[in-house]
Every structure is written in C-alpha cells, then in structure tokens.
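A short reminder: the numbers here are calculations on the coordinates, not readings from a lab. A quick note: this is a predicted structure, and the numbers were derived from the prediction, not measured. Cβ coordinates were reconstructed from backbone atoms using ideal geometry, including for glycine residues, and neighbour counts include every protein chain displayed.
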Amino acid sequence: MKSRPFIILFWVLLLVPAVIISVVAFKLLLHEQERINRSTIISLTERAETLARNIHITVKEVEESLSRALIDIEPDKLKSTLLFWEETNPLIRNVFIWEKKSLLKYPAKGMASTLEERQFVSRFDSFFTGERAFAVNIQTEEIEQPSQYQSSKGSLYDLARGKTAMSTEIQGIQEQDLNSGKIVFTQQSGWIPWFAQDQLFILGWVKKIRNGPVYGIELELVSLLSRLVVDLPQIEGQGLSFAILDSRKQIVHLSGGIEIEDTHACDISTPLSVLLPHWQVCIFFDRENYAPGKGFLYVSMLLLFIFMAAIISGGLLITSQTRKHMKDAMQKTSFVSSVSHELKTPLTSIRMYSELMLDGRSVSKEKTKHYLEVMVAQSQRLTRLINNILDFGKLEQGKKTYNKGEVNLRNLLIRIIDAHSIRIKKAGFKINTNISKEAYKVISDSDAIEQVILNLIDNALKYAKSGKFIAFALEDDFKNYILLKISDHGPGILRKHQKAIFEKFYRIDNSLTSTFPGSGLGLSIARQILRDLGGDLYFEPTSEGGSCFIARIPKQDASK
Amino acid sequence: MKHLIFVAGIIMVLVFTASTSMSKPYNGKVICRVETEKSVLFAGEAQDVVIKVTLDAPPVPSYVQRPPVNLSIVLDKSGSMNGEKIKHAKAAAIEAVQRLGNADIFSLVVYDSNVHTVIPAQLVRNRDRIVSKIQRIYASGSTALFGGVSQGASEIRKHIGSEYIHRIILLSDGLANVGPQSPVALGRLGAALIKENISVTTIGVGYDYNEDLMTRLSQKSDGNSYFVETGSELPRIFAAELGDVLNVVAKKIKVVISMPDGVEPISIIGREGRIKGKKIELSMNQLYGDQEKYALVKVKVPKSSTGTIMEIAKAKVRYENPFNKKTEVVYGKSIAKFSKDPKLVKKSTNVKVVREYYRNLNAMEQEKAISLSDKGKNKEAVQALKASAVKMKSIAKEYNDEVLLEEAEDMEKQAEVIETDGMNKKMRKVLRTESYQMKNQQKAE
C-alpha cells in the first residue's frame, strides 16, 4: 500500500469485479424483464382463454337448456307453446316448424307472417327447402317410451328427464323394444351457427319423433350478448383492454382503458367458442403503460447504478485520501528535516562564534563586534523561522489574531527595506525601489504585513541567487486595493509549480539534499495572512523571466 | 244516548266513505272504435276502404295510485358530450330523480368506451346522495351504446319480477362505436327488451347521433324517441317522459280485426302485423292514460246495392290492465251504408280517418326520402316529399282540414330546405323522428 502502482492495483481489483457484477446483473435484469413480459403475456392469454371458456359454457348452457325445453314441449301444444315463447322469451327471435313432406309449416308464407319472419325464412332458406339437412351439429338422445305411457303425455316429460341413456346402449334396446311392440322416441337436436349477410345467426332445432316434425328457434343473439356483456369482468387500470370481436372483426364488447382504433392489431387473441364461430377474445395492451416488469427494470437499473456509483466513487475517494495522506506524510517528513536543517545552521554559527569568544582567541574589538553581529543576525533568523512555525500553527487552527490600524504602506516598506538592506546587499542583490511619495494608507495589521514582506524577501534571497536585484513597488489599483510587488531577476518558477508553491510544505526540490534550505511554509503563510486580511497573494512571471509576487492589500478593513 | 247514536252514525259514515274511496277500484276501460273513412260508401262498385281502429285510453283519475316505476337512465358520457350537453343531461337526470316517488326504483348507467353503473337499482329514498353522485359525472371517451343499454337493462332486471313499469331512458349525442352498432341489431335488442316489459326511450342530442339506430331501438321496444338540438330541452322532455311512464293503463295489447265474408283485407298502414285470411292481427305494447293509439288497415269492400247496411270490420282488443292485473277484452265494429248519391258519400267522410291515413302515408314518404337521399338521390327525395305535400294539400282543401294543411305546408318547407341545402344532419333527424313519432303515435311532445 505504499506506492502508487499498488493503490491503482488495489483500485482495479475493486473496480473489475464491480464492473463484471454490474454487467452480469444488467444481463440478468434484461432476462428477468423478458421473463416478466412473457409471463404477463401468458397470464393475459390465460385470462382471455378463461373468458372465452366462460362465455362458451354460458352459451352452451343456454343452448342446452333451450334444447331441453324444446324437447319437453308437448306435441299437441307445439305451435302455441312456440308462439308463446317467441312472444315472451327475449332469447328467442323466431320459431319454426318444419316437416319433411310439407316443408315449412310455420311461419306461414306471404302476408300472414311479419317482415322479420319473412327475413328469417329467407336466411335459413336452404334448410327450410330441404336442400340442406338439419343434422349438422347433432346431439342424439334416445328415450325409451313404454307403450303403456303412450296415452299419458304428461308423464313423457318425467320419463325423458329420468331415463336418458347413451345412444350406443339404446341401439340394442331399440331393436328389442321394436320387437316387443314398444314405441321408441328418437330425440335429435342441434344448433346451427349460420352466416347470412356476413352476420352470425344461430338456429336451434329438435326432432323428437322419427319422421316427425323438426321444430326449433332462432336464437336472439343480440339479447344473449346483451346479457353476457354485463356479467363480463370489468378491466381496471391503464394500458389494457379486453374485447370480444365478431366474425367481421367488429367490437362486440370492450372493457379496459385503451381506445381501440384497429381491431386487427390485436396483441393476443383466442377463439371465443365453437358455438360462435370466427368470434374471438382479443387483448390489446399498451406495452409502454401495461408492463408490470418495466417498473421493476427501472428500479433495478437505478439500484445497480447506485451500487456502481458507490463502488467507483468509494474507490476513488479511498484512493485520493490515501494519496493525500501519503503526500502529507512525505511533506511532513521533509518539513521536519528541512526545519531541523534550518534551525541547525544559525545555531551552528552562533555556537561557533560564541565558542571562539569563550576561548578568548579574538582579541580585537572589531572581530568581537563581527562575531556578535553574526550571532545577532543568526538569532534573528532563528526567531523569524520560529515565528513562522508558530504562525503556521495558529493559521492552521484559525487562532491567529490581527491588530488592525491605519498603516502607511510606503513608510512600512521603506522601513523594512532599510532594516534589511545590509542583509540584502550582503547577499549580492541590488535594491530597486519604485515607490511614489503617496502615503498608500490601508487599514490592516502592520506586523502581519511585515511578516509577509519578510517572507517574500527571504524567498527572493534564497531562490534568486543568480539575480542581480530585488525590486519593490507599490501601486494603487484605483479601486479597493494597494498592490505590493516584490520581484527578482532570478530563474523564475516553472509553470507546473506556479500554483503549488502556495501549498503548505511544498518545495520545488523537496529532497533532503536540496540546494536551498527552507521549510516550505513561507509562501503558504504569506498567502494565508493576506487572505485573512481580505487580500491575496499571487505569482506573476516577469518579462525578464524572473519571479514577481504581488500582495493585494485591501484599503479598507475587508477581512472576514 | 241519541247523541251517541248520532255520533256513532257519523263515524260509521265517515269510515265507510273513507274505505270506499281508499279501495275504490279503477275500472276505466280502453274504448275501441272502428271507423271507416266514409260512413256511406258508394254503391254499385267494389272499392278499397280505409279503416281506422282507434283505442282510446281512459284518463287515470288522480285518486288512483300509479304503479311504481323502475327507471334506468343510460347516459352517454363520451367526450363529445362535454360541456353544456352533459350539464343539461345531468340536470335532466336530477329532475327525473326529484319526480320519482319513494316506492320507485332508479338506476343510472353511464358509458363511454366502458360501461359503469353510477347508481345501482335502488328505491328512491336518499335523493341527496343520488343527486350528488349524478353531479360527479364528467364526459370523456368513446361510445359503447350497446353495453350501456345492456347494463341499464341489467339494473332494471333486478326488480323485473315486481309490479313495476320498467323503462330505460337512453341519452346520447354520438354514434355507437363500441359493441353492436347497426340499427337492425339495436332494433333486435329493443325487441328482446320489450318481451321483458322494458321500454327504451331514446333522446338524441345534437346533430351527430345515429337517428336510425335510436329510433329503431325505441320503436322495437315501444319507447318514445326525441331529437333535441341542444341540451336545454332535456329537463322538459324528461318531465314529459316520466309523466308518460307513470300512467300506463293498458299493456300487451292484441288487436284482431276480422272481416265478414266478401270484405278482403289488403294491407296494414304504418304498423307491423299479420294478415291471416280474413283476420288482421296487430299488437301494441302499452297505452298511456288519455292516449289515443290507432291502426289503419285497408280492405276491399265488394260491390253492394244502394241501401245495404254492411258490417265492414269488427275488432277485438285484448289487453292487460296493470291496475287489476286482469286481462280485459273490448270490442268495436264498423257498419257502413251504401248509396249512389256522391254528395251523401262525400258528406259522410270521416275527416279524422282521412287525415291520419294521409299523415301515415306522409310518414312513409319521409322514410322513403331519407333512404333516397342516403343513396345520393336528393332530387328524388325532394320530389317524393313535394308530391306527398301536394297530395296532403289537395286532401286538406277538399275536406277543409287545417291540421293536414299545416302539415302539408311544413312538408313543403322541409322539401325546399333539402332542395337548397341538401339533406343535412338536422333535417335527416327531424324527418326520421317525425315519421317515427307519427307511426308510433307518440304521446309526449
């Protein structure tokens, strides 16, 4: 965990499985979505089939009970019963009685029948003219009718209900019975779905006695539908509609939230019933709105995205934190060694000169004075260094206090230059000043500004050794600030370091073998002080390639 | 003691009077009149004679409690009803609720592309709740007219066994586009519903509804049919419609007109029926209090000599009296004299019979005009209407009949409108509804 490649390696180790898991999860989600869609379609199909089955059962029940009722009509009341039914039963549209010999007995021909009856006759003309046999969908029930019951017709009803038998079994009995002189009733009945004028009509017929009349009814399909549709389940919710379509693909019944424009564009369809040929139950659904899995996919995708984002950002955060901590640790190590070095140099000088004086070797007064001057200068240097370190601590914790008052920057600067001119000149620099006679008054802390200026001078002396001068200038920006510029003629600062030099502990050459002593705190402290005072410090390269540090000092008290 | 007897006597008299007035049976019978167009027929030649069999329903006296009503209102709330129409329709439905009594049953079904029962069949007790539910209806969607009527019928059926007068009032302004939607199919629905004693009254609002479908539905179920241009007329129609519903005095009416030897039935005018040999069979579903319904038939009368008095037709009317639930039978017959005097023959004309005959013929011409203009033959339609108007006018002048004259003039105007503007939606609806009201002898409006 100590080097960068290691961090990247660990990060990659975290990232790669996360990406793999995400891709796999995404694929699984898509599959799951498909599965949900499929199961939705399956369940819808099942619903359609159930609906169709229910309708089929209902229609079948209606047909069967009507057949039963038709069979149960007493032969001598046939016509009157049928007419009564026609008049009173909403499920019966027309009735008829037909015989093989005389063909249609009822409805009568011509004006004795109504228009509706005439149309009915013409619809089923091929049956009534004998051209087509009634026995299309035949159901046969053969009922044994013992001869002793022949006269009492009322009992036939009971007998027919009670003694229904399978036709295969009856065949034998029929023969036997004929031999024994009994009469056998063969009951045949059926329902004929019939298309006329592209519409479905349903005819139910019964033939009770062999060679007897065929009679029956035409089902009032509209009435049957009218009763069916009110019992069909209501479809609630958006995006789904159930429809019953007739043979012309017209909607007979619709339930649900989709408005249907084209009945051919049905999503799921299933035939309704053999009793209603070519009719179908159709389901229309809007894949946008009616997809219960869509929501699932969106939510899962969102969760997956959050998971990925958490892993990647967490990894990045850990990496950056680690790098930051490593950098800090390295800078602190270098800071400690630099500071130790910095402290050691003046201390060594002071110690050396004071030992010389203690040995009493220096006798001349001049020499003694020189020694003392060196010791004073080095202790001042020590003081500045320690002040900087102390200030850095205060600044870091935000505990540094400022004593603000009116400061004449011109006087302050001139005083500092005067005080340090010897040191500067000894270091081989010329002093250039470009300070007009204006007062450049600001409300600020003069000690703090002095510290800033000293740090900048120290920096110039330290890093611009090849330079020939240090220039000081004061300018008014005619707005809110006074600009104090300290520039040198040194090697300047590479562009990549220009920002970083203001960071704490940052030194361009951070190695222990560095040519230049320093703690890496000067510029950081100077900038922090100026910012605390409401100004700023920034770097500008000079036209000759040197460095220029510009301290922007607010005229009024603009500190936070 | 005398006083006591006197007081007791008075109490007894009061109790007796009260009990008689409470239980006084309503015995008003339908009167059957059989009239020929002329009471004196021209002697010496065989001729076609129009016979009018009129059923006069007695007015229902106020003391008679009307049978309770089982009313279902089926309201089109499709998008096109939005705005004033639905507002008026709601007002009309509320009017209906306010008019019903505590023993009546009310239900309300609305439909767009789906059908919803807003108010399931219930006794009209909590009017405020019903009204507030009606007020919450808003319009949207398409038009499932068949489903709506089916649902209305299903609500009615919840009390079908009971002694109610069953009625659906259907209100729509649009074409049915969900469910069976042909006039024939809806007609069959009507025919099936009347078998359960359910009548459907249809009210078409505006110019976009299908008048063929609506009139067919009400015709087959013996309801009334109305065309209103704006919704504002609705409350009035609902009021009239409920007035009608509340006063049915005869149900399931069967009319058998029989002719003596020599007189041959030719045709039935304006109604459906059967001609079986010498008999004409007709049926009507119900007759409202104080309403006149009639049937017109044409017969061939044989050549007869002057002075002969002949029975032309007799009618036997069988119906169910909803008050005592008994089947009643009434009779009527028509006798004609024969004369060679044309003046006498003309003088004997029964203007009412002639008028109704021509009005019925006119209704048939209106239907014919509609079907002609549907085929794009506007000119022929105008001609048919104009010819009918001319005919009516000449008859009106001949018999000095102002009613017929007025109708003839209306007809002329209609023909002119069609001639200049073509058969527009409004005119088609006017013609269809008028001819329906005529043929059905609709009482209201």
Partnerless Cys - the protein assembly as shown, beta-carbon criterion under 4.7 Å: A:Cys548, B:Cys32
Inter-probe distance in nm under a simple model that places probes 7 Å from Cα toward Cβ, at B:Gln122 and A:His278: 4.5
Cα gyration tensor shape of region B:145-203, rounded if a/c is under 1.5, else prolate or oblate by comparing a/b with b/c: prolate
Evaluated at q = 0.10, 0.15, 0.19 Å⁻¹: base-10 log I(q)/I(0), Debye formula over Cα of region B:306-439: -0.50, -0.83, -0.99
Gained length - B:Asp290 relative to B:Lys87, 0.36 nm times residue gap less alpha-carbon distance: 69.8 nm
Distance in nm between pseudo-label sites at A:Ile8 and A:Gln380 (7 Å out along the Cβ direction from Cα): 5.0
At 0.692 mPa s and 37 °C, Stokes D of region A:425-508 from Kirkwood alpha-carbon radius, µm² per second: 226
Under 5 Å, built H, 5+ apart or other chain: amide partners of A:Phe201: A:Trp194, A:Phe195, A:Ala196
Cα convex hull of the protein assembly as shown, projected area averaged across orientations, nm²: 88.9
For B:Asn70, residues with placed amide H under 5 Å, excluding near neighbours: B:Ile105, B:Ile165, B:His166, B:Arg167
Burial ordering of A:Tyr402, A:Tyr440, fewest other beta-carbon atoms within 10 Å first: A:Tyr402, A:Tyr440
Average projection area in nm² (convex hull over Cα atoms of region A:402-554, one quarter of hull surface): 8.9
Cβ neighbours within 10 Å from other chains - mean over B:181-187: 3
Cβ-Cβ FRET estimate between B:Ser232 and B:Tyr138, R0 fixed at 22 Å, reported to 0.05: 0.70
Ranked list, fewest to most other Cβ atoms within 10 Å of each Cβ, for B:Thr54, A:Thr114, B:Thr215, B:Thr420: B:Thr420, A:Thr114, B:Thr54, B:Thr215
Shielding by other protein chains, B:189-201, mean Cβ within 10 Å: 4
Packing-based order for A:25-32, A:245-252, using average beta carbon neighbours within 10 Å, highest first: A:245-252, A:25-32
Spin-label pair A:Val19/A:Ser320, simplified geometry with 7 Å Cα→Cβ offset, distance in nm: 2.0
For chain B, built as a Gaussian network whose Cα springs stay under 10 Å, the top-fluctuating residue of B:Ala389, B:Ala192, B:Ala121: B:Ala192
Fewest-first sequence of A:Phe392, A:Phe305, B:Phe227 by Cβ atoms within 10 Å of each Cβ: A:Phe305, A:Phe392, B:Phe227
FRET efficiency, A:Gln556 to A:Asp418 (Cβ-Cβ, R0 22 Å, nearest 0.05): 0.20
Inter-chain Cβ neighbour average for residues B:272-284, partner chain, 10 Å: 2
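Grab the beta carbon distance between B:Val390 and B:Ile31, set R0 = 25 Å, and tell me the FRET efficiency rounded to 0.05.
Values: r = 35 Å, r/R0 = 1.42.
So, using R0 = 25 Å, E works out to roughly 0.10.
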Whether region B:69-246 is rounded, prolate or oblate, judged on the alpha carbon gyration tensor where a/c under 1.5 counts as rounded: rounded
